[in-house]
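Novice: Handing you this structure, nothing more for now.
The values are calculated or read from the model by the stated rules, or taken from the named source; none is laboratory data. Every value quoted in this text rests on a predicted model; they were computed, and no experiment measured them. Note that we place each Cβ from the backbone using ideal geometry, even for glycine, and neighbour counts take in every protein chain shown. The accessibility values were calculated without ligands, DNA or RNA, using every heavy atom of the protein model including side chains. Shrake-Rupley method; radii C 1.70, N 1.55, O 1.52, S 1.80 Å.
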Amino acid sequence: MANIDWNRVSKGVSRENEKMIWRPYGIPTVMDLESTCFHDAPISEPWSEVPQEMIVSVAITGAFFRHDQNPNQPLTTEAILASAREVAAAGASAVHIHVRDDDGYNVLSPERFEAVIQPLHDEFPDVPVDACLVPALDGEWDKMNQVLESGLLDAAPINTTATYVGDSLFVKPTPILLEKTRRILEAGSVPEIAVYTDADVSNADRYLFKSGLLKSGAVWLVLPALPGCSPMENPRQMISGLTRTVEAIRDVDPEAVIMVCAAGRASTYLATLAAVMGLHIRVGMEDTYFKWPHRDDRIESNLEALRLAQQLAEVVGRRVATPSEARAIMGLKERTATAQPAQ
């Protein structure tokens, strides 16, 4: 410990007459958070960057996790539909769909997409439905086009990435990226730019915005925190990482609609950060099986994930957007006709 000059301290206390300095110029008001007594202009106003409405999309199953990682994961077409119906009825703003094959692996099947999505449209016509169409196997490009042309989808992600996701190399070659974006637009759906690292934002800028294919006001999905994506192994990484990615998106697309996925270990904490930043969130069993980053509790259902998000919205003073509001925010068309069978 340093040597403190207590004699000098004592003299200073005496010189100040053993009192602090307190000059309450605004009496009778002691403290005002909104104004000052010296002029009539406001000094603090509500944050305009935090909208009241917050889209809460629920991603039902994704492509990654199976029952050995989370025994609650919906894998069959029937289970995926049941879970989607449950969250739509409970107030989800939107629903995001993958379908699985008989062995529980991701598959691009027009028949299975129709079996899940068409009943949702019939029962919940306002609820936006998007789905991942990743043509990774022979013949899946044609199947992707069948799903797009069927009109089942309100939106579909485009992944502007070349990264390792877990132990898998995931690359969207530029010609595929451009052509898929064009086909989503021609089908009357909205492309959602899915970014896993901040470098993916640069790819979107170079190929989608500078080409004129997309314009400001696009929908972005931020999907960090998975192994191989933007690292979020602690709170500091989570805060700085999300802030950097969002700032990069705003530089490219000032009017961007940004939805942050509650992904990886960061899970609900990442969604919380996004909510207080005025962004939208995606929760559910696609992007993580953890409830919280500091514990190993597994998500029990998509309904549970939605309920946590609804509580989160209330805690931060926001409101879960209705499906109609989500459509307006994301620039989605209203549904006026039944989709054509995906054949």
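Novice: Using a cut-off of 23 Å between alpha-carbon atoms, which lysines can reach Lys291, once sequence neighbours fewer than 8 places away in the same chain are excluded?
Specialist: none
Novice: State, in angstrom, two size descriptors of the stretch 215-343 derived from its alpha carbons: Rg to one decimal place and Dmax to the nearest whole number.
Specialist: Looking at the stretch 215-343, its Cα Rg and Dmax stand at 15.7, 48 Å.
Novice: What nm value, rounded to one decimal, do you get for the distance between Val9 and Glu179 when each label is placed 7 Å out toward the C-beta?
Specialist: My value for the distance between the label points is 7.6 nm.
Novice: Run through every distinct alpha carbon pair of the stretch 1-90 and return the Kirkwood hydrodynamic radius in angstroms, one decimal place.
Specialist: 21.1
Novice: Based on the mean of other beta carbon atoms within 10 Å per residue, what is the order of 46-54, 145-153, 236-244, 287-295, most packed first?
Specialist: The densest-packed peptide leads the list: 145-153, 287-295, 236-244, 46-54.
Novice: Round to the nearest 10 and give me the degree value, 0 to 90, for the angle of helix 174-186's Cα axis relative to the longest principal axis of the chain.
Specialist: Helix 174-186 sits at roughly 80 degrees to that axis.
Novice: What list of ³J(HN,Hα) couplings, whole Hz, do you get for the stretch 157-169 from phi and the Karplus terms 6.51, -1.76, 1.60, once you set θ to phi - 60° and write x for glycine and proline?
Specialist: Going residue by residue, I get x, 10, 9, 8, 10, 9, 8, 8, 9, x, 9, 10, 7 Hz, with x marking Gly and Pro.
Novice: Give me the mean projected area, in nm² to one decimal, of the convex hull enclosing the Cα positions of the stretch 57-141.
Specialist: Its Cα hull, projected and averaged over all orientations, spans 5.5 nm².
Novice: Once the piece of chain linking Met31 and Val315 is laid out straight, how much longer is it, given 0.36 nm per residue of separation minus the C-alpha distance between them?
Specialist: 99.7 nm
Novice: While we're on this one: Under the rule of -39500 (n - 2.57) per DSSP H run of 4 or more residues, summed and divided by the residues of the chain, what mean residue ellipticity at 222 nm is obtained, to the nearest 500 deg cm²/dmol?
Specialist: -10500 deg cm²/dmol
Novice: Please work out the Kirkwood hydrodynamic radius for the chain, using every pair of different C-alpha atoms, and report it in angstroms with one decimal place.
Specialist: That comes to 21.9 Å for the chain.
Novice: Would you mind computing the Rg to Rh ratio of the stretch 151-223 from its alpha-carbon coordinates, Kirkwood style for Rh?
Specialist: So for the stretch 151-223, dividing Rg by the Kirkwood Rh gives 0.95.
Novice: How much net charge surrounds Asn17 when only the other residues with a Cβ under 15 Å from the Cβ of Asn17 are counted, with Lys and Arg +1 and Asp and Glu -1?
Specialist: +2
Novice: OK, next. How large is the dipole of the chain about the Cα centre if only Lys and Arg carry +1 and Asp and Glu carry -1, each at its Cβ, rounded to the nearest 20 debye?
Specialist: Around 1080 debye, computed over the chain.
Novice: Could you give the nm distance between label points at Glu78 and Ala90, where each point is 7 Å from its Cα heading toward the beta carbon?
Specialist: 2.1
Novice: So if R0 is 22 Å, what FRET efficiency would Tyr105 and Glu233 give, r being the distance between their Cβ atoms, rounded to the nearest 0.05?
Specialist: The calculated FRET efficiency here is 0.20.
Novice: Still on this structure, I have one more. Where in the stretch 7-25 does the label zone of Ser44 land, with the point 7 angstrom along Cα→C-beta and an amide N cut-off under 19 Å?
Specialist: Output list for this probe position: 24-25.
Novice: May I ask you to give the percent of accessible area on the stretch 218-325 that is carbon plus sulfur, with a probe radius of 1.4 Å?
Specialist: Answer for the stretch 218-325: carbon and sulfur cover 54 percent of the accessible area.
Novice: Sticking with this structure for a sec: Net charge near Ala63, counting Lys/Arg +1 and Asp/Glu -1 over other residues with Cβ under 12 Å of its Cβ?
Specialist: Spelling it out: positives minus negatives among the neighbours equals -1.
Novice: Still on this structure: Pairs Lys143/Lys180; Lys180/Lys215; Lys172/Lys333: which exceed 24 Å Cα-Cα?
Specialist: From the list (Lys143/Lys180; Lys180/Lys215; Lys172/Lys333), the Cα-Cα distance tops 24 Å for Lys172/Lys333.
Novice: Quick query: amide H of Phe170 versus all other amide H atoms, modeled in the peptide plane; which residues come in under 5 Å with a sequence gap of 5 or more or a different chain?
Specialist: Those qualifying (amide H under 5 Å, at least 5 residues apart or on another chain) are Thr163, Tyr164, Val165.
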